[in-house]
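Each value in this text was obtained by applying a stated rule to the coordinates, not by laboratory testing. The shown structure was predicted, so the numbers you read here are calculated from the model rather than taken from an experiment. No Cβ is skipped: glycine too gets one built from the backbone with ideal geometry, and neighbour counts run over all protein chains shown.
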Amino acid sequence: MSRKGLGAITGVAKDQLLAAGRATRKAGLQRTLDRAVPKAKTDRTPAGGFDFGSLEAARQLKIHRAVGEALGIESPFFRSHDGRAAAHTVIGGETMINWSSYDYVGLNGHPRIAAAAQEAIDQFGTSVSASRVVSGERKVHRDLEKAIARFLGVEDAVVMVSGHATNVTTIGHMLTPKDLVLADAFIHNSVVEGVRLSGATRLTFRHNDLEHLEALLDRHRANHSRVLIAVEGLYSMDGDSPPLRPLVELKNRYDAWLLVDEAHALGVVGATGRGLAERDDVDPNAVEFWMGTLSKTLCSCGGFIAGSTALVEYLKATAPGFVFSVGLPAAAAVAAKTAIDILDEEPERGTELCRSGQRFLNGAKAMGFDVGTSEGSAVIPIIIGDSILAAMVSHKLSKAGVNVQPIIFPAVPENAARLRFFITSNHTDEDVDQTLAALKKCMDETLSAGEGLKQLAEGLSRQG
Ligand SMILES: Cc1ncc(COP(=O)(O)O)c(C=O)c1O
């Protein structure tokens, strides 16, 4: 049904009619999918064990696969790369422009980092084998923590073996069922899991909407012992960020704690990559928890919490994910520390990234693409609003030498399905221009009305 044929009716009625049309189409699609991937009749394997394939979640995965096959597109997930994560990659022998790495400032594989990591392996082996509390401690751990704290301008830091686990264990440990977490609607899953573990109440405020946050603080603050506000320094789905100054003012006024997850902001946001505090000229010591990962800009693996000495000492003595988990391998610690040293010496890497991000953002806007609220630095979405079309365009782009991931329902709402481009300082102007031209071509070819759904229905009926 097109909007054109509905000229005589009001806007609201028109929208209702279109929504009804979409719902009918979806119901038809659901019936076709149910026929193509029927529900399991038994939850037992032939050997008598439980068959996990009988779970509804497993059926949903089969449905995703069936949809992909019907559309003739390979799964964009678990694509195997033959080399390092960087601005360019090799997949199945083909060199591609890669928009799916977090190597934001182009340090992955840097000769100085590789040499330092190799030396660390020669000296310490590939594992420190135990929790640092018992016998896993090596000097390289403290060197890294001190470098992070100095880089961010706070008293101290603690590193853990995974970024995700850092949020889970820190939030899970610091809060109790009497507490409240107010999280931005687009906050990362690791924060959500941490809150779940803590038993605290979680309420979400609309994305970057501090008026909504204030209204929630006003209504709920008095009912809870501690309150934590959780935001990201640069949102990984949308490439935008909150203003830090009013956030700090709010959390002080309501006697709350603030956690800023800088996973995507470190090395990217602020004149020298020191994140939101640098960009907004706020004393970093005013924020209780600076969280970050070692896996993106710092091209290693692990996570950190940076803040006051008292906080760091407390986490190191009591947080289960630190106390009862192995220390970082020395090579990972040294790689991240060397990356910080290079960031210190070469702050122009972040500037270069932002230049490419602006070129991409402006070029995409000029072509009429919906880039949402992206600020045009490290993360730029192209919002397509239809999971199937997003997957089809991503597939077509892969055939044109461009690797970009589709982000589809349920990771984002269906009407926000998108392609997500991660910009790095090593992407060239040609990479940006070539990609945008290919994107336009692939989109034009794919985006003719309903093509995705029609192709899907035909493909599934052939399978069913
Ligand atoms: C905002 C945010 N926080 C935390 C994490 C977890 O970090 P890691 O992948 O290093 O475990 C991620 C991962 O992408 C992230 O985007």
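Residue-wise HN-Hα couplings along the stretch 187-197, as the Karplus relation 6.51 cos²θ - 1.76 cosθ + 1.60 with θ = phi - 60° gives them from phi, are 5, 5, 3, 4, 6, 4, 5, x, 5, 4, 4 Hz; Gly and Pro carry x.
Applying a DSSP loop filter and a limit of 16 other Cβ atoms within 10 Å to the GluC sites (Glu not before Pro) in the stretch 54-84 leaves Glu74.
Among Arg418, Arg219, the ranking by other beta carbons within 10 Å of each residue's beta carbon, starting with the fewest, stands as Arg219, Arg418. Taking a sphere under 15 Å around the Cβ of Asp280 and counting the other residues whose Cβ falls inside, with K and R at +1 and D and E at -1, yields a net charge of -4. Find how many whole Å separate the alpha carbon centroid of the stretch 257-272 from the alpha carbon centroid of the stretch 28-49. For the stretch 28-49 versus the stretch 257-272, the Cα centre distance is 45 Å. The residues Arg355, Arg274, when put in order of fewest to most other Cβ atoms within 10 Å, stand as Arg355, Arg274. Here the chain is treated with +1 on each Lys and Arg Cβ and -1 on each Asp and Glu Cβ, and its dipole about the Cα centre works out to around 1880 debye. Pairs Lys396/Lys441; Lys251/Lys296; Lys296/Lys337; Lys62/Lys399; Lys296/Lys440: which exceed 21 Å Cα-Cα? The answer is Lys251/Lys296; Lys62/Lys399; Lys296/Lys440.
The residues packed around His224, meaning those with a beta-carbon under 15 Å from its beta-carbon, carry a net charge of +3 if Lys and Arg are +1 and Asp and Glu are -1. Backbone phi angles across the stretch 238-254, fed through the Karplus curve with coefficients 6.51, -1.76 and 1.60 (θ = phi - 60°), yield HN-Hα couplings of 10, x, 10, 8, x, x, 6, 4, x, 5, 5, 4, 5, 5, 5, 4, 9 Hz in residue order; Gly and Pro are listed as x. Quick check on the stretch 329-444: take the gyration tensor over C-alpha atoms, sort the square-rooted eigenvalues as a ≥ b ≥ c, and tell me if it's rounded (a/c under 1.5), prolate or oblate. Prolate shape, in that a/c is at least 1.5 and a/b is the bigger ratio. Taking every DSSP helix (H) stretch of at least 4 residues in the chain, weighting each as -39,500 (n - 2.57) and dividing the sum by the residue count yields a mean residue ellipticity at 222 nm of -14500 deg cm²/dmol. Averaging the sequence gap over all C-alpha pairs within less than 8 Å and six or more residues apart, then dividing by the number of residues, gives the stretch 111-345 a relative contact order of 31 percent. Counting only DSSP beta bridges with both residues in the chain, the antiparallel share comes to about 55 percent. Other residues lying with their Cβ under 13 Å from the Cβ of His141 contribute a combined charge of +3, Lys and Arg counting +1, Asp and Glu -1. The equivalent ellipsoid of the stretch 127-268 has semi-axes of 28, 18, 14 Å, largest first, where each one is the square root of 5 times an eigenvalue of the Cα gyration tensor.
Residues Ile171, Ile388, Ile121, arranged from fewest to most other Cβ atoms within 10 angstrom of their Cβ, appear as Ile121, Ile388, Ile171. Stretching the chain fully between Thr45 and Thr95 yields a gain of 13.7 nm (0.36 nm per residue, less the alpha carbon separation).
What number in nm² do you get for the chain if you take the convex hull of its Cα atoms and divide its surface by four? Numbers along the way, then the final one.
On the way: hull surface 104.7 nm².
Convex hull of Cα atoms, orientation-averaged projection: 26.2 nm².
At what distance in angstrom do the alpha carbon centres of the stretch 66-87 and the stretch 213-252 lie from each other? First find each Cα centre; the distance between them is then 37 Å.
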